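Report on the structure given below.
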């Protein structure tokens, strides 16, 4: 699995997890949803994604979105 797919899978998982936690524990978990969404939004324009940099550093193969 390349970096692009890992980033999208991780972001989707974190959003779903925070939505479940907001219903079970506290609505403040929605701040995690907002953080992930804002990070994805800025990555669309800047090309900078912290998770992509971490995955590249540990040797994962880059895709076309994050070089």
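Laid out as a table, the results:
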quantity	calculated
Principal-axis tilt of helix 3-24 within the chain, Cα atoms, nearest 10 degrees	10
Label selected from [x] -0.92, -0.97, -1.19; [y] -0.97, -1.07, -1.65; [z] -1.16, -1.20, -1.31, the criterion being log10 I(q)/I(0) by the Debye sum over Cα atoms at q = 0.23, 0.24, 0.29 Å⁻¹ as computed here	[x]
Relative contact order (%) - criterion: Cα under 8 Å, at least six apart; region: region 3-57	37
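Taken together, the values in this text are just the output of simple stated rules run on the coordinates, not laboratory data. Everything numeric in this text was worked out from a predicted model, so none of it was measured.
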